[in-house]
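Taking it in order: structure first as structure tokens, then the write-up.
The values are calculated or read from the model by the stated rules, or taken from the named source; none is laboratory data. Predicted model only: the values in this text are computed from it and were never measured. Counting neighbours? That spans all protein chains shown, and the Cβs are built from the backbone with ideal geometry, glycine included.
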Amino acid sequence: MERPEHPLLSPRNFWLASLYLVLLGVLSAVLLDLNKELHLLSNEALACVLLLVVIAGGYRLFERVRNALARGTEVISVTEGENVRSATALIAFVSQGLGRTSALQAASYHANAGSLRHLWLVTTRAAEGDARQVANELKGAGWPGLQIHEFQFLDDKDSIIEAKRLVEHLRSRAMQEFAVPESGVMCDFTGLTKNAGAGMILACAPKPARLQYMVPNRVDEAGRADVTAGSRPREVFLQYMVIEER
């Protein structure tokens, strides 16, 4: 995944960086003249002080000025990958009806790799039976060490905020309570509603979190997924920088 260009290396910040260097040069000249008259420090000590100013203060000053001049600027990078590395913990949405198969196949993918240890199924009260069916099928597969935690319910499947908060909570629980590294926590937003999926994406976007969705191996004439043909995961890599307006 290509990393966003660093602000200090961006050509659009050339004049800002040049202005900073000019001001630093003027400040250095003034300090040298004062030191010649007052003899407060040796030339070596003064050079060290100026170097510390550049290192400790220069970067922060540049960032603050750049932020003030670039209100509302966004740098967003979105890439996808088919080669999905197995996860230790999985948070997956469970839909009602045949849509439940996406959660089943997502969990099966990571469990087959031998790494999956924790699974949280997020669903609604109306789809509780579907979540139970998914859990029973996974238990029947007999994967050793797989713990299927208590179901997590959304009161409003169309609430982006509720889905976001719940996913954030489960991610934190996986990392803090069960010591799963962040790179080992996968979130699958295939099931439920588009709003719930948006909530999961927003819960993961500000962090080095992992996201995936299931791609059907075959679709019917109407463009719907053929659940009998299975599906495969595709990982989504989000990286962005937002400079908020002040």
Exercise for the section: Search the stretch 128-164 for residues being touching a residue at least 40 places away in the same chain (Cβ under 8 Å) and farther than 15 Å from LEU90 by Cβ, and hand back the single one that is surrounded by the most Cβ atoms within 10 Å (Cβ to Cβ). Expected result: ALA163
Practice task
Can you confirm whether the stretch 64-73 contains a residue that is closer than 26 Å to GLN239 by Cβ, among the β-branched types (Val, Ile, Thr) and either part of a loop (DSSP other than H, G, I, E, B) or at pLDDT below 95 (or both)?
Solution key: yes
Exercise for the section: Give VAL185, VAL122 a once-over and let me know the one that is buried (at least 19 other Cβ atoms within 10 Å of the Cβ) and either among the basic types (Lys, Arg) or touching a helix residue (DSSP H, G or I) at 6+ places or on another chain (Cβ under 6 Å) (or both). Expected result: VAL185
Problem - Complete set of residues in the stretch 204-234 that are within 19 Å of GLY99 (Cα to Cα) and modelled with pLDDT of 85 or more - result: LEU211, GLN212, TYR213, MET214, VAL215, ARG232, PRO233, ARG234
